[in-house]
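The block underneath contains the structure these notes are about, expressed in structure tokens.
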Amino acid sequence: MITLFNKPGRKRTCFDESMLTLFDIDTWQIVKDGDPMAFDIMKRHYTFQEYRDGRRRLPKNPNRMLFVGPGEKIVLFHQAGALFVWRKFIDKSGQDGVNCAVFRNESKILSSELIKQAEEIAWKRWPGERLYTYVNAKKVKSVNPGYCFKKAGWRECGFTAAKKLIILEKTCFIE
């Protein structure tokens, strides 16, 4: 069995190893929140938070490398240097669906291809759910923020009220 989602005091198993064939993941590895290699890439993402109280630097803190947050989650890691995190939670902004909480690609693989593969994994776990993400145009280097998502078929659907983040979405059409 593979445990994807942990809650304090209990483990929640979503599927067993025999179901991995459903994912056809040649590039992505499913890892736990706090995986050292995934955490290393996360540290270079623009949303990474180094807490003022120094809790991430305390070796005795068993949670120092956790970075996803509460809710259901899938953390995907690629050996070539990519990280993708899906998260289903109650979003304060009112968005419904499954959130791409983190995507960072340091590999030579096309970002849009990695996104498409990650979408398939999300829709296997949450069939038919709307996928969405936020992009902070002020923090990315691109003149076209969210371009890699747009190339993967995502569309702009608005902005958040508080920080004016771009909201991108992709919906799954089930036949």
Seminar exercise, completed: Ala118 vs (1) touching a strand residue (DSSP E or B) at 6+ places or on another chain (Cβ under 8 Å); (2) surrounded by 15 or more Cβ atoms within 10 Å (Cβ to Cβ); (3) over 18 Å from Ile41 (Cβ atoms): all pass except (3)
Seminar exercise, completed: Expected output for the stretch 69-97 (first residue hydroxyl-bearing (Ser, Thr, Tyr), partner assigned to a strand (DSSP E or B), Cβ below 9 Å, 6+ apart or cross-chain) is Ser93/Tyr134; Ser93/Ile167
Problem set entry | Failed condition for Gly153, given (1) exposed (fewer than 15 other Cβ atoms within 10 Å of the Cβ); (2) modelled with pLDDT of 95 or more; (3) not in a loop (DSSP other than H, G, I, E, B) | (3)
For this session: Give the number of residues within the stretch 70-111 that are within 16 Å of Trp28 (Cβ to Cβ), buried (at least 16 other Cβ atoms within 10 Å of the Cβ) and not hydroxyl-bearing (Ser, Thr, Tyr).
Result: 20
Exercise. On the given criteria, is Glu169 among the acidic types (Asp, Glu) and within 23 Å of Val31 (Cβ to Cβ)?
Worked result: no
Problem set entry | Test for Phe48: is it surrounded by 16 or more Cβ atoms within 10 Å (Cβ to Cβ), at pLDDT below 80, among the aromatic types (Phe, Trp, Tyr) and in a loop (DSSP other than H, G, I, E, B) | no
Exercise. Can you name every residue in the stretch 130-170 that is under 17 Å from Glu119 (Cβ atoms) and without any contact (Cβ under 8 Å) to a residue 12 or more places away in the chain?
Worked result: Tyr147
For this session: Starting from the stretch 113-129, keep only residues that are more than 15 Å from Trp28 (Cα to Cα), then list their pairs with residues that are not in a helix (DSSP H, G or I) whose Cβ atoms are within a distance under 6 Å, requiring at least 6 positions of separation or different chains.
Result: Trp126/Val98; Gly128/Cys172; Gly128/Ile174; Glu129/Gly97; Glu129/Val98
For this session: Go through the residues of the stretch 86-94 one by one and say whether even a single one is part of a helix (DSSP H, G or I) and in contact with a strand residue (DSSP E or B) (Cβ under 6 Å, 6 or more places away or on another chain).
Result: no
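The values are calculated or read from the model by the stated rules, or taken from the named source; none is laboratory data. Note that the structure is predicted; figures quoted are calculated from it, not measured. Positions of Cβ are generated from backbone atoms using ideal geometry, with glycine treated the same way; all protein chains shown enter the neighbour counts.
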